[in-house]
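Worksheet for the structure shown next.
The values are calculated or read from the model by the stated rules, or taken from the named source; none is laboratory data. Since the model is a prediction, treat every value here as computed from it, not as a measurement. Glycine gets a Cβ as well: all are built from the backbone with ideal geometry, and neighbour counts include every protein chain shown. Surface accessibility is based on the protein's heavy atoms, side chains included, excluding ligands, DNA and RNA. Shrake-Rupley method; radii C 1.70, N 1.55, O 1.52, S 1.80 Å.
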Amino acid sequence: MDVTEIRSRLERFGQQHLLAFWDELDDPARGALLADIEQVDLALVADLVASHVSDPDSGATLGELSPPSCVAAEPGTPAHAEARQLGETLVAEGKVAAMVVAGGQGTRLGFDGPKGTFRISPIQDKPLFKLFAESLIATEQRFGKPVPWYIMTSPATDAATRDYFAAQSYFGLEAGNVFFFQQGVMPAVDPRGRILLAEKDRLAMSPDGHGGSIRALASSGALADLADRGVEVVSYFQVDNPLVTPVDPLFVGMHQRTGSQMSSLVIGKASDTERVGVFALAGGQLKVIEYSDLPETLATARNADGSRTYDAANIAIHALSRTFVEQITRPDSSGGGKSMPWHRARKAVPYIDATSGRQVTPDGPNAVKFEMFIFDALPLADNPLLLESRRSEVFSPVKNADGVDSPATARRDLVRRAATWLAASGVSIPRATDGEPDCTLEISPLAALDADQLAARLKDNPPTIEAGARWYLSGD
Ligand code: UTP
């Protein structure tokens with residue numbers, strides 16, 4: 001195997017230590033190492049080291065911020081009816097796809113396997129992927145057209161995710177309408193910008209963030225597939241939110257009706273200190289400011305009426321026009337993919353010392369990882385739209401093993417939402433003294449995707465739910 005060319009390329013970028021153990025490696029190990037090196041854009045890493053590692057404060061200024069305007073689509077208004085109608089028509093014409101990002105490592109949850117396989121529903125114990133699949137099947141049944149589903153994985157989740165779908169017979173979806181694509185990876189670097197070795201024959205690589213979905217859509221062929229199918233709007237969500245409706249015709253309709261290239265659902269923050277990003281205008285551009293970047297004075301700021309000034313929380317539910325994704329991934333375009341910024345994260349990354357060959361397990365952050373965030377596409381979009389929604393209807397993420405944003409809170413919120421829908425259908429819900437439902441409830445997405453559908457379904461035969469009951473409504 002001739003490595004002369006690779007060695008000189010590595011030398012040009014000060015990364016020649018990656019071949020430190022070359023002479024000890026057998027052929028398969030050499031192949032694995034070269035394959036890893038080949039995946040790395042060394043010029044990009046050099047640029048990122050200059051901007052994010054050697055000079056980490058550059059570009060970190062937020063500038064002047066102001067709160068953005070959000071649109072409310074109140075039920076019963078003409079805007080609501082028209083947007084919903086338009087969204088339903090788009091779905092019925094096969095012009096809407098779902099896309100979930102499922103490449104994360106789920107470190108905080110500490111679950112062994114892709115997060116989408118985590119069992120979450122309160123009675124049936126359905127995994128997240130099954131809830132989304134049932135929702136898409138229900139949408140297809142309603143509008144008569146399958147909704148293609150694009151699932152972004154990473155090297156860590158790809159094989160297990162594909163195997164899981166195959167073992168579950170795609171939860172009843174047509175396999176040809178489920179498209180898996182892998183996101184890119186980026187190497188971790190030390191404070192001097194040297195790429196770390198995870199093993200003597202492997203680089204320390206990690207997924208390039210949920211924003212990597214934009215370039216992965218293009219590089220994987222998913223974007224071309226969307227175009228072939230005539231899809232106009234991509235409905236984007238995260239794998240860790242069991243309350244999400246993967247394709248919400250109202251949201252899609254509002255997006256299309258306002259000529260927005262990228263839209264986001266918005267909910268009010270739970271508290272000043274909630275760890276979510278907020279939408280804000282920075283120099284007239286719509287952006288998401290991460291909770292860690294929002295100064296306390298702004299996080300606690302109030303309007304004259306006492307409401308929170310920066311209250312519009314980002315819950316990572318977006319609608320993207322397919323042509324917008326094409327535009328920002330076109331290499332020669334002025335608003336091209338390159339203008340989505342990279343972020344750095346300081347992490348503890350175990351590595352092999354290139355001089356001694358010893359395995360090092362650091363106590364604290366020793367390395368920098370690079371990631372892109374999906375919301376950084378917003379400033380590139382024309383007419384970005386923020387649509388108000390309600391937390392109890394759309395958002396309860398599974399992030400941590402316990403406490404806030406955990407499986408326990410997500411299950412509680414699924415039960416609460418089912419109780420709200422049932423109550424709106426005229427069903428009496430037994431409640432404990434603290435007002436919480438005194439029963440466990442689960443409604444299959446195949447039975448109803450919203451309160452209106454549930455009311456229509458139960459109209460002639462409303463159930464009686466006893467205190468302490470476990471009540472499940474299937475789609476049968
Ligand atoms: P998080 O930022 O919550 O990360 O991802 P995570 O990997 O799931 O969890 P932790 O931080 O390790 O505990 C939000 C969403 O973005 C996806 C995740 O799968 C999740 O749906 N994601 C994140 C990717 O698809 N790729 C990434 O590189 C990062």
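Numbers at a glance
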{"read-out": "Of all residues making up region 132-184, the number that are assigned to a strand (DSSP E or B), open to solvent by 20 Å² or more (accessible area, probe 1.4 Å) and either in contact with a Leu (Cβ under 7 Å, 6 or more places away or on another chain) or under 30 Å from P362 (Cβ atoms) (or both)", "value": "1"}
{"read-out": "Failed criterion for D57 (all others in (1) within 16 Å of the ligand (Cβ to nearest atom); (2) modelled with pLDDT under 95 hold)", "value": "(1)"}
{"read-out": "Given (1) within 30 Å of L422 (Cβ to Cβ); (2) surrounded by fewer than 16 Cβ atoms within 10 Å (Cβ to Cβ), index of the condition V394 fails", "value": "(2)"}
{"read-out": "Residue list for region 101-130, restricted to those being open to solvent by less than 30 Å² (accessible area, probe 1.4 Å) and either at positive phi or at pLDDT below 95 (or both)", "value": "G106"}
{"read-out": "Residue, farthest from the chain's Cα centre (by Cα), within region 248-271, restricted to residues that are among the hydroxyl-bearing types (S, T, Y) and crowded, with 21+ Cβ neighbours inside 10 Å", "value": "S260"}
{"read-out": "I151, sole failed condition from (1) within 15 Å of the ligand (Cβ to nearest atom); (2) in contact with a Pro (Cβ under 8 Å, 6 or more places away or on another chain); (3) under 21 Å from L446 (Cβ atoms)", "value": "(2)"}
{"read-out": "Output for region 80-116, where each listed residue is more than 12 Å from the ligand (Cβ to nearest atom), touching a helix residue (DSSP H, G or I) at 6+ places or on another chain (Cβ under 6 Å) and among the β-branched types (V, I, T)", "value": "V91, V96"}
{"read-out": "Residue list for region 380-404, restricted to those being over 16 Å from S271 (Cβ atoms) and among the hydrophobic types (A, V, I, L, M, F, W, C)", "value": "L380, A381, L385, L386, L387, V394, V398, A401"}
{"read-out": "Elements of type helices (runs of 4 or more DSSP H) in region 370-476, at least 2 residues being β-branched (V, I, T)", "value": "407-424"}
{"read-out": "First in region 102-130 and part of a loop (DSSP other than H, G, I, E, B), second anywhere and more than 10 Å from the ligand (Cβ to nearest atom) and of a type in the set (S, T, N, Q), Cβ under 6 Å, 6 or more apart", "value": "P114/T161; P122/T440; I123/T440"}
{"read-out": "Long-range neighbours under 8 Å by Cβ, at least six apart or interchain, first residue under 10 Å from M372 (Cβ atoms) and hydroxyl-bearing (S, T, Y) within region 206-223, second within 12 Å of the ligand (Cβ to nearest atom) and in a helix (DSSP H, G or I)", "value": "S213/I374"}
{"read-out": "Search result, residues across region 340-372 that are hydrophobic (A, V, I, L, M, F, W, C) and either within 16 Å of the ligand (Cβ to nearest atom) or free of Cβ contacts under 8 Å to residues at least 24 places away in the same chain (or both)", "value": "M340, W342, A345, A348, V349, V360, A367, V368, F370, M372"}
{"read-out": "Options L294, L286: the member that is in contact (Cβ under 8 Å) with a residue 60 or more places away in the chain and surrounded by 15 or more Cβ atoms within 10 Å (Cβ to Cβ)", "value": "L286"}
{"read-out": "Residue that is farthest from the ligand (Cβ to nearest atom) [pool: residues in region 210-226 that are in contact with a strand residue (DSSP E or B) (Cβ under 7 Å, 6 or more places away or on another chain) and open to solvent by 10 Å² or more (accessible area, probe 1.4 Å)]", "value": "D225"}
{"read-out": "V239 crowded, with 24+ Cβ neighbours inside 10 Å, within 20 Å of the chain's Cα centre (by Cα) and within 22 Å of A451 (Cβ to Cβ)", "value": "no"}
{"read-out": "Residue in region 70-77 that is within 16 Å of the ligand (Cβ to nearest atom), open to solvent by less than 40 Å² (accessible area, probe 1.4 Å) and part of a loop (DSSP other than H, G, I, E, B) present", "value": "no"}
{"read-out": "All positions within region 246-265 that are within 16 Å of the ligand (Cβ to nearest atom) and closer than 20 Å to A92 by Cβ", "value": "P246"}
{"read-out": "Complete set of residues in region 185-209 that are more than 9 Å from the ligand (Cβ to nearest atom), in a loop (DSSP other than H, G, I, E, B) and open to solvent by less than 50 Å² (accessible area, probe 1.4 Å)", "value": "A188, D190, G193, L196, D201, A204"}
{"read-out": "Qualifying position, being under 22 Å from V71 (Cα atoms) and in contact with a Cys (Cβ under 9 Å, 6 or more places away or on another chain), among F279, F251", "value": "F279"}
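Results for (1) surrounded by 13 or more Cβ atoms within 10 Å (Cβ to Cβ); (2) at positive phi; (3) of a type in the set (D, E), shown as yes or no for each residue.
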{"residue": "R7", "(1), (2), (3)": "yes, no, no"}
{"residue": "E11", "(1), (2), (3)": "no, no, yes"}
{"residue": "D23", "(1), (2), (3)": "no, no, yes"}
{"residue": "P28", "(1), (2), (3)": "no, no, no"}
{"residue": "H52", "(1), (2), (3)": "yes, no, no"}
{"residue": "D55", "(1), (2), (3)": "no, no, yes"}
{"residue": "A79", "(1), (2), (3)": "yes, no, no"}
{"residue": "E88", "(1), (2), (3)": "yes, no, yes"}
